[in-house]
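Scroll down for the structure; my scribbles are underneath it.
The values are calculated or read from the model by the stated rules, or taken from the named source; none is laboratory data. All values reported here derive from a predicted model rather than from experimental measurement. Positions of Cβ are backbone-derived with ideal geometry, glycine not excepted, and every protein chain shown enters the neighbour counts.
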Amino acid sequence: MDRCIVLVDAGYLLGAAASLLAGEPSRSRIAVDHNALVQGLRDQAETDTERPLLRIYWFDGAPDRVPQPEHRRLRVMPRVTVRLGALTRSDGRWAQKGVDAAMHAELTELARNRACSDVVLVTGDGDLLPGMMAAKEHGVAVHLWAVQAADGDYNQSEDLVAEADERRVLDRTWITKAVRARELTGVCAPPPAPRPEIAAILSAPLPESAPGSAERPAEEQHHPAGDATRNGVAERAQTPKGVPTPKDLAALRSHGVPPAAHPATATLRWSSDRGWVDRPGTAAEPADAASMPTLAQLTTAEQRWADREEDITTVGGDPYEVGQVFARRWVERLGEQAHLQRLSAMYPRVPHRIDGELLRYAARFGLLAHKDDQIDEHDRYAIRAGFWREIDVRTATEHVPAGEAGPTGRPKDE
């Protein structure tokens, strides 16, 4: 077949681009315009091979092989097929597993079936050498592309370089048409706008100890292991974590600390039927919370299709943004605006059925810690904070950060 195919090792392409532009191979240091990158690969391949493109295969790693936002965008692009290997963490570093084997299998199968006359490999790993040799034996011309090395030397296996039929180096000028270095501002991922809710949530410390601990006898303070059954849970609850969990607050309460004695900054900031601890002066979840419609109930089949398109093409997957998008859709589809006012009055608690749906939606974007299938704790704060910020915008309400509310949860001067 007189056509060409491009096989891309995304770990090599983007890692080498990050080294070239940002000085280190971390992909978090670069911003990628995937549309421009794919189009550049296609144009260059058709120019070099003088053959029309059949397809671009994009090989990458992902935790538990769960597609990340960039993979979800890529796989709906014309002539792009995404193949995912595993991404595992070892000794503090991420490593791809199964990507080279998948590229080898795809390359040999395409050559054996004479699916193309030319194949372009964007990779640097010598493990692909047997596949390259097999493709050549089936009459396929192999073009090997490299990303310009930051130090001017090779960043590819010498065996691959020697075996390739044609070679090309994608230089800085070519790379910067689709990739740019992120500016360093002292944080890894600077937010696009101030997010006071996240700061308020994350600044809420656990109490140093339960009230009354200062009056404990000296011998009891020096020998806490003397009564492990009585003190074990309380001591765990007092371990500084930055933010109290439902278990922490429940432990304080079970050991004789009344809700009114909880510090103002220990306000619970997420929902759980089993772990909810009432805020001072606040009743449990109102009965009418169960009558609030979920987003799924408010969404038509046509809207569901449009939502998926937006998720793939527009939503970046940032936790705060995900919460905002979910809240925007829920509010815009509400027929009865009284639900919105009821919800706003429940701050900071998201009704359980809506909260569960919100977190399931967030899981689509790969926002999982991949440990017991739980979303990372800080991501949960950001998701709910984004949700409440959008609700605030829609209701012209400004909820008070932790520590600035009175016993009813409203501003102290009301």
When residues of region 116-155 are filtered for being in contact with a Ser or Thr (Cβ under 6 Å, 6 or more places away or on another chain) and either outside the structural domain of GLY40 (by TED's automatic domain parsing) or surrounded by fewer than 17 Cβ atoms within 10 Å (Cβ to Cβ) (or both), how many remain?
2
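Every residue, every condition in (1) touching a strand residue (DSSP E or B) at 6+ places or on another chain (Cβ under 8 Å); (2) at pLDDT below 85, yes or no:
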position	(1), (2)
PRO25	no, no
ARG29	yes, no
VAL32	yes, no
GLN39	no, no
TRP58	yes, no
GLY61	yes, no
MET77	no, no
LEU84	yes, no
THR88	yes, yes
List pairs: first residue in region 121-142 and among the charged types (D, E, K, R), second residue part of a helix (DSSP H, G or I) anywhere in the structure, Cβ distance under 6 angstrom, at least six positions apart or on different chains.
ASP125/ASP100; ASP127/ASP100
Name the single residue that is surrounded by the fewest Cβ atoms within 10 Å (Cβ to Cβ) among those in region 21-53 being among the hydroxyl-bearing types (Ser, Thr, Tyr) and within 19 Å of CYS116 (Cα to Cα).
THR47
Of the residues that make up region 54-77, is at least one surrounded by 14 or more Cβ atoms within 10 Å (Cβ to Cβ), in a helix (DSSP H, G or I) and of a type in the set (A, V, I, L, M)?
yes
Within region 104-115, is there a residue that is among the polar types (S, T, N, Q), in the same structural domain as PRO52 (by TED's automatic domain parsing), out of contact with any helix residue (DSSP H, G or I) (no Cβ under 7 Å at 6 or more places or on another chain) and modelled with pLDDT under 95?
yes
If you check GLY356, GLY323, GLY316, which single one turns out to be under 24 Å from the mean Cα position of the chain (by Cα) and at pLDDT below 80?
GLY316
Only listed residue being free of Cβ contacts under 8 Å to residues at least 24 places away in the same chain and closer than 23 Å to PHE365 by Cα, chosen from PRO78, PRO69
PRO78
So which pairs qualify, if the first residue must be in region 161-184 and surrounded by 13 or more Cβ atoms within 10 Å (Cβ to Cβ) and among the aromatic types (Phe, Trp, Tyr), the second must be in a helix (DSSP H, G or I) and modelled with pLDDT of 95 or more, the Cβ gap must be under 8 Å, and the two must be at least 6 apart or on different chains?
TRP174/GLY40; TRP174/GLN44
Just for helices (runs of 4 or more DSSP H) wholly inside region 91-170: which have at least 1 residues that are in contact with a Cys (Cβ under 7 Å, 6 or more places away or on another chain) and within 21 Å of ARG42 (Cα to Cα)?
99-112
Within region 359-393, restricting to residues that are basic (Lys, Arg) and part of a helix (DSSP H, G or I), the one that is modelled with the lowest pLDDT is ARG380
Under 8 Å by Cβ, and 6 or more places apart or on different chains, what pairs join a residue from region 292-306 that is within 28 Å of ALA345 (Cα to Cα) and in the same structural domain as GLU357 (by TED's automatic domain parsing) with one that is surrounded by 14 or more Cβ atoms within 10 Å (Cβ to Cβ) and of a type in the set (A, V, I, L, M)?
MET292/LEU343; MET292/ILE354; PRO293/LEU334; THR294/ILE354; LEU295/ILE354; LEU298/LEU334
